[in-house]
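Participant: Right, I'll just put the structure down here and ask away after.
Readers should treat all values here as calculations from the given coordinates under stated rules, not as data from a laboratory. Keep in mind that this is a model prediction, so the values were computed, not measured. Cβ: placed from backbone, ideal geometry, glycine included. Neighbour counts: every protein chain shown.
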Amino acid sequence: MTRQTVCRRCGTCCRKGGPALHDEDLELLRDGDLVYQDLLTIRKDEPAYSPLTDQVEPVTKELVKISGQGQSWTCRFYDPAHSSCTIHSHRPLECRLLKCWDTNDIMGVIGKNTITRLDIIGETDPMAAWIYEHEKKCPYRKANSLLEALSSSPHPSPLLTELTAIIREDLAIRTRAVAQFHLSLPLELFYFGRPVFQVIRVEGLNFFEKQGEIHVDYVNRA
Ligand code: SF4
């Protein structure tokens with residue numbers, strides 16, 4: 001069998017999700033090859049797919065990725081009709097290094113010199129204060145520890161109350177920012193990442209809306 005040495009344009013890597021951005025990719029943003037609406041933030045401790053472990057697990061630091069297409073993780077720049085990248089000559093570092101038949105180069109940069117929202121917008125951007133407030137009031141570290149405690153607690157009510165408060169605060173901050181800055185959904189996802197209630201997935205945990213507010217209930221199925 002002939003050993004693969006070139007990209008066969010099967011699209012598998014682009015369907016797994018857009019790349020995380022690194023220092024080297026700031027130039028793409030400065031030159032307008034990428035705009036904020038192309039990006040999705042994965043907040044620190046947010047559960048996300050790790051190419052290093054091939055598992056979904058909390059990320060150890062904030063990442064900014066190229067966002068997906070609709071509800072799918074397929075990179076927004078992947079053109080399935082032509083099995084091609086629509087920004088090929090301006091694709092980010094990870095895409096330039098990725099060779100599915102030899103992952104040494106890509107694995108060498110995963111998680112290194114990645115950039116954050118503040119690296120992109122700068123501390124003087126009015127949204128910086130919103131990002132800090134959001135991180136302070138709705139940290140995934142706290143949500144994760146509540147979820148872990150829930151699974152083994154015989155008294156889940158206080159934990160659910162705390163979790164509900166984080167989920168509501170997350171939505172409240174977004175709602176205020178969207179109203180004040182007229183943010184589109186892609187911009188909201190760049191500035192604040194995905195809503196917490198859409199990210200956390202634990203068996204037995206249910207979200208529902210009642211009288212205009214989100215509620216959480218939990219049935220321990222262990
Ligand atoms: S930027 Fe291009 S090469 Fe990189 S994942 Fe997206 S479609 Fe694929």
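Participant: Enter the Cα centre distance for the pair region 184-222 and region 35-58, rounded to the nearest angstrom.
Facilitator: 17 Å
Participant: What is the angle, in °, between the Cα long axis of helix 157-181 and the longest principal axis of the Cα atoms in the chain? Nearest 10 is fine, range 0 to 90.
Facilitator: 60 degrees
Participant: When the helices in the chain are scored as -39500 (n - 2.57) per DSSP H run of 4 or longer and the sum is shared across all residues, what 222 nm value do you end up with, to the nearest 500 deg cm²/dmol?
Facilitator: Details: 10 runs with 87 residues, N = 222.
Computed ellipticity for the chain at 222 nm equals -11000 deg cm²/dmol.
Participant: What range in the chain is the longest one free of GluC sites (Glu not before Pro) that are in a loop by DSSP and have at most 15 other Cβ atoms within 10 angstrom? Please list the in-between numbers first.
Facilitator: Numbers: sites that count: 123, 203.
Here the longest run is 1-122.
Participant: Now, a different point. Tell me which of 196, 26, 100 sits at the most positive position along the dipole axis of the chain, charges placed on C-beta atoms (Lys, Arg +1; Asp, Glu -1).
Facilitator: 100
Participant: What ³J(HN,Hα) values, in whole Hz, does the Karplus curve 6.51 cos²θ - 1.76 cosθ + 1.60 give for region 67-83 when θ = phi - 60°, with x put for Gly and Pro?
Facilitator: Calculated HN-Hα couplings, in order: 7, x, 9, x, 7, 8, 7, 3, 3, 4, 9, 7, 9, x, 5, 10, 6 Hz.
Participant: Next question, about the same structure. Check which residues have an amide H placed less than 5 Å from residue 17's amide H, if you skip close sequence neighbours.
Facilitator: Residues meeting the amide H criterion: 75.
Participant: Would you please name the trypsin sites (Lys or Arg not before Pro) within region 132-222 that are DSSP coil residues with at most 11 other C-beta atoms within 10 Å of their C-beta? Spell out each step's value before the answer.
Facilitator: Working: sites: 136, 137, 141, 142, 168, 174, 176, 201, 210, 221; in loops: 201, 221.
Sparse-neighbourhood loop trypsin sites (Lys or Arg not before Pro): 201, 221.
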